[in-house]
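Working notes, structure below.
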Amino acid sequence: MSKKAGYLRRYLEVIRQIRHQPYIGLDELVEKVRGVMAYYDDEGNVGVSKRTILRDLQEIRDTLDIGIEHCRSRKGYYIPQDEQADFDLEHVLEILDLYSRPLPSFVYPEKRKARGAEHLLPLINAIKKQCTVQFVYRKFDLTQEQLRKVQPCALKEFKGRWYLLAMEVGDKGKMKAWGLDRISDLQMTRELFDKDPAFTVGRSYQDCFGIFAREDIPTEEVVLSFDPVGGSYIETFPLHTTQETILKTDAEIRIRLHVKVTYDFIMELLSQTQNVTVVAPVHLRATLRNLYEQASIRHANHP
């Protein structure tokens, strides 16, 4: 593990320990981080001491913009709940750590990886400084690349792909999602902008499954019935934060959630065709039935 990767790993462990044990004291934080880092053969290359952890805490605040605070009455460090809910930076760091160092021969990550992870840190920096960025972008349905200049506001992950949520310069008021895998020649400009205080990822995407948050689609109550195997899977890996189990028997697991029925959500249900039955709403069941029929016709007519 290189020193650069070691520092990143140490940042990750500092954040993880404080998240998992709010109000942890400095001495205990140092010992727990040291214990985790000891699993790495060359842990000594980066070191763990009170001095380095205090420096890490300041750099995490300044560079990663995570508001780690110290509570005098409880004599420990914590991360405010609103910051934890707003952006799962620990997960971002885990991905960066995975890309920054070689893995042991007995670890087999998914080989089919979306491109663009190298843009995460520069974009985090641009979002923090509220700097306009420009890049070359290629849409899936277009062969021609186009130069774009945008005001970056947030980063969001969906199914292994990362997206930049940004407003294009000259197109005020419309937030767009840009796939990092389709971005090239990323540059941070010297042009600053004022971030829209009304926009937060949590508020804009709270009723959405996927990356496209359409305001013209209403939030609906969706009830899905799964066979026991599919239901057990969906309970351990929920479709949405609003998901709740409303029926559980030897033959069926039924869940309820409140979401917008978007293209992404419909595609997710299609991927689980063998295990799921739509109970409500009726129009969603009709949409899936229509898609099944179209697919059946295409396969029947294929030579």
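The values are calculated or read from the model by the stated rules, or taken from the named source; none is laboratory data. What you see is a predicted model, and the numbers here were worked out from it, not measured in a lab. Backbone-built Cβ (ideal geometry, glycine too); neighbour counts: all protein chains shown.
Some notes on this structure:
- Members of segment 201-211 that are out of contact with any strand residue (DSSP E or B) (no Cβ under 6 Å at 6 or more places or on another chain) and crowded, with 17+ Cβ neighbours inside 10 Å: SER204, TYR205
- Reported count of residues in segment 197-213, each being assigned to a loop (DSSP other than H, G, I, E, B) and either modelled with pLDDT of 80 or more or among the small types (Gly, Ala, Ser) (or both), is 9.
- In segment 277-303, the residues that are more than 23 Å from HIS258 (Cα to Cα) and under 31 Å from the mean Cα position of the chain (by Cα): TYR292
- Unique residue being at pLDDT below 90, assigned by TED's automatic domain parsing to the domain that holds GLN81 and at positive phi when the list is GLY35, GLY47: GLY47
- Test: LEU121 is touching a Pro at 6+ places or on another chain (Cβ under 7 Å), at pLDDT below 85, not in a strand (DSSP E or B) and not charged (D, E, K, R): no
- Residues being surrounded by fewer than 17 Cβ atoms within 10 Å (Cβ to Cβ), at pLDDT 90 or above and either among the polar types (S, T, N, Q) or farther than 17 Å from ILE124 by Cα (or both) - total across segment 170-196: 3
- Failed criterion for GLN243 (all others in (1) touching a Phe, Trp or Tyr at 6+ places or on another chain (Cβ under 8 Å); (2) surrounded by 14 or more Cβ atoms within 10 Å (Cβ to Cβ) hold): (1)
- Qualifying residue in segment 130-152 (condition: without any contact (Cβ under 8 Å) to a residue 60 or more places away in the chain, outside any strand (DSSP E or B) and among the polar types (S, T, N, Q)): yes
- Only residues that are in contact (Cβ under 8 Å) with a residue 24 or more places away in the chain and basic (Lys, Arg) were counted across segment 160-185, and they come to 3.
- Selection of first residues in segment 47-60 that are closer than 13 Å to LEU29 by Cβ and of second residues that are of a type in the set (Asp, Glu), restricted to Cβ pairs under 8 Å at least 6 apart or on distinct chains, gives the following pairs, ordered by first then second residue: LYS50/ASP27.
- Filtering segment 224-239 to residues that are of a type outside the set (Gly, Ala, Ser) and surrounded by 17 or more Cβ atoms within 10 Å (Cβ to Cβ) leaves LEU224, PHE226, ILE234, LEU239.
- Within segment 251-264, one or more residues are more than 30 Å from LEU164 (Cβ to Cβ) and within 24 Å of the chain's Cα centre (by Cα).
- Cβ separations smaller than 9 Å between residues 6+ apart or across chains give the following pairs from segment 208-235 residues that are over 17 Å from MET267 (Cα atoms) to residues that are surrounded by 16 or more Cβ atoms within 10 Å (Cβ to Cβ) and small (Gly, Ala, Ser): GLU215/SER204; GLY231/SER225.
- Inter-residue pairs, beta-carbon under 7 Å, first without any contact (Cβ under 8 Å) to a residue 12 or more places away in the chain and in segment 278-303, second not polar (S, T, N, Q), 6+ apart: ARG285/VAL278
- Evaluated against (1) of a type in the set (Phe, Trp, Tyr); (2) farther than 15 Å from LEU121 by Cα; (3) modelled with pLDDT of 90 or more, TYR163 falls short on exactly one condition, (2).
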